[in-house]
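The values are calculated or read from the model by the stated rules, or taken from the named source; none is laboratory data. These numbers come from a predicted model, not from an experiment. Virtual Cβ from ideal backbone geometry, glycine too; neighbours counted across all protein chains shown.
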Amino acid sequence: MTLASLLPFLAASEARAEGTFWMPEQASTFAEEVDWIYYFIYWIDVLFFFLVIGAMVYFAIRYRAKTGKERTSPLKGSHSLELAWSAIPGLILLSFFWFGFQTYMDMQVPPKDALNIRVTGQKWNWSFEYPDYGIRQGGDQGLVVPSGQPVMLTMSSVDVLHSFYIPDFRVKKDVVPNRYSTIWFEAKGTGDHQVFCTEYCGDDHSRMLTKVHVMEPAKFREWVRDNKADDGPVDGQSLFSSMGCIGCHSIDGSKLVGPSLKGKYGTDEQLTDGSTVAIDDNYIRESIMVPGAKVVAGYAPQMPPYQGRLNDEEVNALIDYIKTLK
Amino acid sequence: MSSTTGDLAPGHEHDHHASYLTATKGVASWLFTLDHKRIGVMYLVAILTFFLIGGLAALGVRAELFTPEPDLFTGSQYNRWFTVHGAVMVFLVLVPSIPASLGNFFLPLMLGQKDVAFPRLNLLSFHIYILGALFLIYTLISGGVETGWTFYTPYSSTTDSSVISALMGAFTLGFSSILTGINFIVTIHKMRAPGMTWRKMPLFLWGTYATSLIQVLATPVIAVTLFLLMFERTFHIGIFDPALGGDPVLFQHFFWFYSHPVVYVMILPAFGVISETVSIHSRKHIFGYMAIAASSVAIAFIGFLVWGHHMFVSGQSELSGTIFSLITFGVAVPTAIKVFSWVGTMYGGAIRLNSVMLYTLAFLFIFTIGGLTGLFLAVLAVDVHMHDTYFVVAHFHYVMMGGTLMGFIAGIHHWWPKMTGKMYNEKLAKFGCLVVFTGFNLTFFTQFVMGARGMPRRYHEYLPEFQLWHQLSTIGAFTLAAGLFITLGYLLLSLKNGEKASKNPWGAKSLEWETESPPIEHNFVGQVVCDHGPYDFDEIDYSRG
Amino acid sequence: MLSHNENEAEAAGGHEHPAWQAHHFYSGAQQKASVKLGMWAFLVQEVLFFSGLFMAYFAFRYLYPDTWLAAHELLDWRLGGLNTVVLLFSSLTMALAVRACQLDDMKAVVRYLWITIGCAGIFMVVKYFEYSHKFHAGTLPGKWYTFDGIEGGAPEVFFAVYFMMTGVHGLHVVIGIGIMLWMIFGPIRKGKISKDYYPLVENVGLYWHLVDLIWIFLFPLLYLVR
Amino acid sequence: MSASAHAHEEHGEHISSLKSYLVIFGILLVLTVVTVGVSRLGLPSDISIMVAIGVACVKAFFVAGWFMHLKWDTRFNLLVFLGGFWFMLVFFGFTLTDLGSRGNLIEANDNFSQRADMGAKYAEPAHHVEGSGGHH
């Protein structure tokens, strides 16, 4: 760690995409509304802070005991003042609630013509699926969305709770197993925006990142054409990354959450229950569908089942791809 | 020691006028004592020890976050560190903090009584507290737990770390909290000094009373939640595990139904302490006694209706999110009334800026920020952006660390002469308060900034753009730790060579100041009659009108 | 103001202290009232403990209405009904034990307590038959659910709630039996209970009536509701 | 609340007659038979649950009133006992409000694309391996 990285506040102020001091870049239609409410509350807070703390500091100085013989006021309270400082803050708080409620309702109701994308969260990466175009994207490829058009994400998790959070769009929703939760947004401009997982989900919770790539509608249509799953053979390699296999099984021999698949096809493997099994088509198919059945020794049964998420043609494509890993 | 008679006869026979510290000797006389004062002191020592453990865990977390890269721990180890920090601080330090130590010690004294209503029950709750602590210590030794102190399912019911012993720890500590709550409710209702009506009770007792109500009403729900979670883990009964048909959001309802009222268990006693210290050290009657007393009980009741603001983005329905958001603003009003009344108390006073008052002012400064930033999180639209980011971490540290802890330290300083019969070094105390105050703000205000910019919480590695703020926060954390060690230092020092404290060093009017410092074993000689309010100080000039 | 002489405190304390009055109470009545209020606070805590289980019942009844009704057919309401009557009778005998205490008839107190313990025993035996029947039929919670008479939904969650509710309630019955046995061989035998001071028997009575109260709600919700 | 703890509170020294206990026991048995009988009538399920809870509340009233001496106890103890149920009802009320209104907003807007994917308002959990089409 160089000194500069240790004490960056000596360095020039860090580069930040244009956002205000408090809030990140405003990259979706919600961002302005949320920021407006934020700064509305922020400035009223600052006002009340200086009122209260100012009064406190002034009283502490003005009524400081100097001689120790001062006499103090017999004031015990004043109903009118107490009523005032209950009612006025009460009304202000109600206004906070009202503005927040309005925008929140807009954020919860996706418009009908929104582009529907399925998001699946699993222990420590995301995968996206465009049902209208039959495209699949892995976490490292990111979520590609058109600019200026409403996009709805229908999300579900296959293992534990996760949460899909795009700070620049001001949207976040927990991704719950066995249930669909939805968020929608309309991106503005173009560029990449960071996505975080914000519901604690284990060891690599802080690595479960991906990016949203916002493109011009024209460029987006062009991207769809390139990646559309034409009727040709399903490409095993792209499936291997889009379905998140690459996240846990390396293809270069290194041990990740799961065993590496390099050169494994046709060899024997010892299982946790001590028996050995030959790595053939059936073992791979079964391990994809029911991962917990035959777990390789030295590994925890962490792999989520892909039952119902991959059809036979895609499983065969994956098996062929694994065969090529020498 | 201020023992008024000569040396004591050997054996366990003890002299009734000796201080409670020296009335009987030996470890057994402490561990099996029925004297509420000794139980209070034992709780204080235990709580401060666990505060040290939780604090060191926090320093570990902050040290790791000094750089974006994982240099000290692996992901799983980091998660265990922040879980230890959370669980130890919540269950072992903040929940029992003021009620169990200062409350146990001063409740009977302030009521003019010899002891709480059920002394044996009081000792039982301390022993259950130690048993619960042993479970959590076993969890630490056996590798810790990496579920976060919230134990959200299905992660907590499927991970393979020693979650069961952590759950048993929290489950057992709950019963200690319930028994203390029952004890205090009965003592305040049935055992007040003759002449002490509800309106002539010190506000610290109103705060402790409201806290006890919550302890008795909310803790059983976390007991059944942890009980079900233990069965979920061992027998996979499938109530909270979605793979078996359960609903994880239902677990969050169960969990937060306790965990939000428990944050009021943590803060209400601190409100009680601050009401005492701001009034006594300003030498002025508290401003709006009934408003503060009533708002304590109001917070206790409304506090049960707002738990859903922890779940705005968890998949909870929009309707219930709206209801929870609206009522959350309802609970903000009584809290605001309290802060305004405390500042109002200082008007027209003769404020002595000693260390207790400095900690009180620090409390007001920090808690005001904590309260105001809570408003962002109660607003539905803004919470969607802020939830589970460092903004939330900063908010609850401002109200918990800034509120409960500052109140706890202010209370310890305010009652130290009465508890130990010694005065502490005033200059060191003021210096310690300054270091704690600057360290605190440096640590947590930076977290507001990075939280609003989207830095998620519980992250082991983070993006380089947040490095500046993490480094400032880490430096602040170590400053804060230094300040706290200074405080511990001069307080322990005062035990040895602090000057002897008088019966009433602050000129206060509540009953605990009418007995010796430290108090005799049965608190008062003869019958205490309460014929004046707790805030009728000599300096008040009634002719001014 | 602190009144300093001891005897004035004595006068303020009213009549001479009865033997059982603890030193930190002013009067016997204050001690009795405190003990009673403490017990009621404890009962409130028990009510909220069980409220968590009832919450799970109502939540999953709402989420899986059809499998809930199908699964609860497997419960034998006759055994449930028998248990209800047994528990109600034990509640009666416990109330009569408290009454006997008020009349200073210690032998009757012990007799009624033994009947209450007997009924509680019967209750647990009936529960044992219910449970063993379920273990054989395979209608168990979570992954042990091997029964296939019900299609769709999540019947194992019903049985999870069933076993949790009746199990925790059964645990409280066993605790009740333990306390009653201790009371018979401890305080009553040592003559600590008398007409003037019997909160111990009264509190055990309140606890037992609460256990009965919880079963009164549990029985129709689990066994009967169509 | 009595002005000070000093006043001798009238402790529930009330001793009921043996007959009154037996009468109460009789009433409870009758109510048990009633609740079993009603459940046999085959009322629609949400009405039958209301009736079941209603009868159970009446039984609870008798047990608490006479067996637990609440009728002759201080008003405050009665308030404490009933207060506990208030918090239980708060817990039930808010949680069931949430469970009941999930997904309402989306359905209320009859968002076709959403409805087709969501299937049942609450995706039936696929508990056996051969999943019911949804994610597992």
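Below are the figures for this structure:
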{"item": "One residue from C:His172, C:His209 being more than 14 Å from chain B (Cβ to nearest Cβ), within 23 Å of B:Phe118 (Cβ to Cβ) and of a type outside the set (A, V, I, L, M)", "result": "C:His209"}
{"item": "Selected residue (criterion: surrounded by the fewest Cβ atoms within 10 Å (Cβ to Cβ)) from residues of the range A:95-120 that are part of a strand (DSSP E or B) and facing another protein chain (nearest Cβ under 10 Å)", "result": "A:Leu115"}
{"item": "Conditions (1) within 21 Å of C:His209 (Cβ to Cβ); (2) facing another protein chain (nearest Cβ under 8 Å); (3) surrounded by 13 or more Cβ atoms within 10 Å (Cβ to Cβ); (4) at pLDDT below 90; number of the one not met by D:Trp72", "result": "(2)"}
{"item": "Where a residue in the range B:155-170 is within 14 Å of another protein chain (Cβ to nearest Cβ) and its partner, wherever it lies, is of a type in the set (A, V, I, L, M) and outside any helix (DSSP H, G or I), with Cβ under 6 Å and at least six apart", "result": "B:Tyr155/A:Val160; B:Ser161/B:Val145; B:Val163/B:Val145"}
{"item": "Residue within the range A:23-30 that is more than 7 Å from every other protein chain (Cβ to nearest Cβ), under 31 Å from the mean Cα position of the chain (by Cα), modelled with pLDDT of 95 or more and surrounded by 15 or more Cβ atoms within 10 Å (Cβ to Cβ) present", "result": "no"}
{"item": "Enumeration of residues in the range A:152-172 that are polar (S, T, N, Q) and more than 11 Å from the chain's Cα centre (by Cα)", "result": "A:Thr154, A:Ser156, A:Ser157"}
{"item": "Residues within the range D:21-45 that are under 17 Å from D:Trp66 (Cα atoms) and free of Cβ contacts under 8 Å to residues at least 24 places away in the same chain, tallied", "result": "6"}
{"item": "Any chance C:Ala33 is closer than 22 Å to D:Ser39 by Cα and assigned to a helix (DSSP H, G or I)", "result": "no"}
{"item": "Of the criteria (1) over 17 Å from the mean Cα position of the chain (by Cα); (2) of a type in the set (A, V, I, L, M); (3) surrounded by fewer than 21 Cβ atoms within 10 Å (Cβ to Cβ), which one C:Val85 fails", "result": "(1)"}
{"item": "Identity of the residue in the range B:206-250, small (Gly, Ala, Ser) and touching a residue at least 12 places away in the same chain (Cβ under 8 Å), that ends up nearest to B:Pro534 (Cα to Cα)", "result": "B:Gly207"}
{"item": "Number of the exception - A:Tyr130 against (1) touching a strand residue (DSSP E or B) at 6+ places or on another chain (Cβ under 9 Å); (2) surrounded by fewer than 21 Cβ atoms within 10 Å (Cβ to Cβ); (3) aromatic (Phe, Trp, Tyr); (4) within 14 Å of chain B (Cβ to nearest Cβ)", "result": "(4)"}
{"item": "Segments classed as helices (runs of 4 or more DSSP H), wholly inside the range B:85-171, with at least 1 members that are under 18 Å from B:Phe408 (Cβ atoms)", "result": "B:104-110, B:119-141"}
{"item": "Criterion: in a helix (DSSP H, G or I) and surrounded by fewer than 24 Cβ atoms within 10 Å (Cβ to Cβ) - qualifying residue of B:Thr443, B:Thr474", "result": "B:Thr474"}
{"item": "Single match in A:Ile284, A:Ile288, A:Ile322, A:Ile279 (criterion: in contact (Cβ under 8 Å) with a residue 60 or more places away in the chain, surrounded by 15 or more Cβ atoms within 10 Å (Cβ to Cβ) and of a type in the set (Val, Ile, Thr))", "result": "A:Ile322"}
{"item": "Count of the range A:143-182 residues which are assigned to a strand (DSSP E or B) and more than 9 Å from every other protein chain (Cβ to nearest Cβ)", "result": "10"}
{"item": "Unique match (being in contact with a Pro (Cβ under 8 Å, 6 or more places away or on another chain), outside any helix (DSSP H, G or I) and not hydroxyl-bearing (Ser, Thr, Tyr)) among B:Gly238, B:Gly207, B:Gly195", "result": "B:Gly238"}
{"item": "So A:Gly266, is it in the same structural domain as A:Arg309 (by TED's automatic domain parsing), in contact (Cβ under 8 Å) with a residue 60 or more places away in the chain and over 24 Å from A:Pro146 (Cα atoms)", "result": "no"}
{"item": "Check on B:Pro194, touching a residue at least 60 places away in the same chain (Cβ under 8 Å) and buried (at least 24 other Cβ atoms within 10 Å of the Cβ)", "result": "no"}
{"item": "Every residue from the range A:183-209 that is more than 7 Å from every other protein chain (Cβ to nearest Cβ) and over 22 Å from A:Gly138 (Cβ atoms)", "result": "A:Trp184, A:Glu186, A:Lys188, A:Gly189"}
{"item": "Complete set of residues in the range B:427-458 that are touching a helix residue (DSSP H, G or I) at 6+ places or on another chain (Cβ under 6 Å) and closer than 14 Å to B:Asn354 by Cβ", "result": "B:Leu428, B:Ala429, B:Lys430, B:Gly432, B:Cys433"}
{"item": "Residue that is facing chain A (nearest Cβ under 10 Å), buried (at least 24 other Cβ atoms within 10 Å of the Cβ) and in a helix (DSSP H, G or I), where the choices are B:Gly330, B:Gly308, B:Gly321", "result": "B:Gly321"}
{"item": "Matching residues in the range B:529-545 - criterion: being surrounded by 17 or more Cβ atoms within 10 Å (Cβ to Cβ) and more than 8 Å from chain A (Cβ to nearest Cβ)", "result": "B:Val529, B:Cys530, B:Gly533, B:Pro534, B:Tyr535"}
{"item": "Residue in the range B:380-392 that is in contact with a strand residue (DSSP E or B) (Cβ under 9 Å, 6 or more places away or on another chain), touching a residue at least 24 places away in the same chain (Cβ under 8 Å), of a type in the set (Phe, Trp, Tyr) and over 29 Å from B:Ser502 (Cα atoms) present", "result": "yes"}
{"item": "Every residue from the range B:343-379 that is among the β-branched types (Val, Ile, Thr) and more than 8 Å from chain A (Cβ to nearest Cβ)", "result": "B:Thr345, B:Val356, B:Thr360, B:Ile366"}
{"item": "Unmet criterion (only one of (1) surrounded by 18 or more Cβ atoms within 10 Å (Cβ to Cβ); (2) within 14 Å of chain B (Cβ to nearest Cβ)) for C:Asp66", "result": "(1)"}
{"item": "Filtered residue count, the range A:121-134, keeping only those that are under 10 Å from A:Asp159 (Cα atoms) and part of a strand (DSSP E or B)", "result": "2"}
{"item": "Failed item in (1) surrounded by 24 or more Cβ atoms within 10 Å (Cβ to Cβ); (2) under 23 Å from B:Phe466 (Cβ atoms); (3) in contact with a helix residue (DSSP H, G or I) (Cβ under 6 Å, 6 or more places away or on another chain), with B:Phe367 passing the rest", "result": "(2)"}
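Matching residues to (1) more than 7 Å from every other protein chain (Cβ to nearest Cβ); (2) at pLDDT 95 or above; (3) on the phi < 0 side of the Ramachandran plot:
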residue: B:Asp241; (1), (2), (3): yes, no, yes
residue: B:Leu244; (1), (2), (3): no, no, yes
residue: B:Trp256; (1), (2), (3): yes, yes, yes
residue: B:His260; (1), (2), (3): yes, yes, yes
residue: B:Val263; (1), (2), (3): yes, yes, yes
residue: B:Ile274; (1), (2), (3): yes, yes, yes
residue: B:Lys284; (1), (2), (3): no, no, yes
residue: B:Ala294; (1), (2), (3): yes, yes, yes
residue: B:Val297; (1), (2), (3): yes, yes, yes
